[in-house]
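**Student:** Attaching a single structure in structure tokens format; questions to follow.
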Amino acid sequence: IGDVLSQLIARRGYARVQSAGAFADAWSQAAGERLAKCTRAVGVKRGILEVLVGSSTLAQELGFEKKRLVKKLTGLLPDEKIHDVRFKVGPLT
């Protein structure tokens, strides 16, 4: 039963949805309330957390904070082995 359940979870993408929630929570904690309102963590690819931001100005501001953010995210999501954050300007909806 455990194997069947694991396969079902993998096929339906429930694990990705759960991971997305973990990324969003960790990003919110790392960035702080003010910045989290204007951004959205999308996911992790090859150790790089992708974050959508509302403007290029905000992307630049977050770029200055990248070292601190990566350090905080590494502590919050140790299994993901995040070593960088990539900011992409786009719609937050």
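**Student:** Nothing charged except the Cβ atoms of Lys and Arg (+1) and of Asp and Glu (-1): what's the magnitude of the dipole of region 50-93 about its Cα centre? Round to the nearest 20 debye.
**Tutor:** With only Lys, Arg, Asp and Glu charged at Cβ, the dipole is about 160 debye.
**Student:** Reachable lysines from K67, Cα under 19 Å, same-chain residues fewer than 8 places away excluded?
**Tutor:** K45, K81, K88
**Student:** Just grab the label-to-label distance for A24 and K37, each label 7 Å out from Cα along the Cβ direction, in nm (one decimal).
**Tutor:** With each label placed 7 Å out from Cα toward Cβ, I get 1.8 nm.
**Student:** Related question: From the square roots a ≥ b ≥ c of the eigenvalues of the alpha-carbon gyration tensor of region 22-63, which class results: rounded (a/c under 1.5), prolate (a/b over b/c), or oblate? Walk me through the numbers on the way to the answer.
**Tutor:** Numbers: a/c = 2.04, a/b = 1.25, b/c = 1.63.
In terms of gyration-tensor shape, oblate.
**Student:** Once neighbouring chains are kept in place and the probe is 1.4 Å, which whole percent of the accessible area of region 52-93 is contributed by carbon and sulfur? Present the calculation step by step, with values, prior to reporting the outcome.
**Tutor:** Details: 1620 of 2950 Å².
It is 55 percent, rounded to a whole number.
**Student:** Once you have a ≥ b ≥ c as the square roots of the Cα gyration tensor eigenvalues for region 42-93, tell me rounded if a/c is under 1.5, and otherwise prolate or oblate according to whether a/b is larger than b/c. The partial results should precede the final answer.
**Tutor:** Working: a/c = 2.58, a/b = 1.53, b/c = 1.69.
Oblate, since a/c reaches 1.5 and b/c is not below a/b.
The values are calculated or read from the model by the stated rules, or taken from the named source; none is laboratory data. None of these values were measured; they are calculated from a predicted model. Backbone-built Cβ (ideal geometry, glycine too); neighbour counts: all protein chains shown. Heads up: the accessible areas ignore ligands, DNA and RNA and are worked out on the full protein's heavy atoms, side chains in. Shrake-Rupley method; radii C 1.70, N 1.55, O 1.52, S 1.80 Å.
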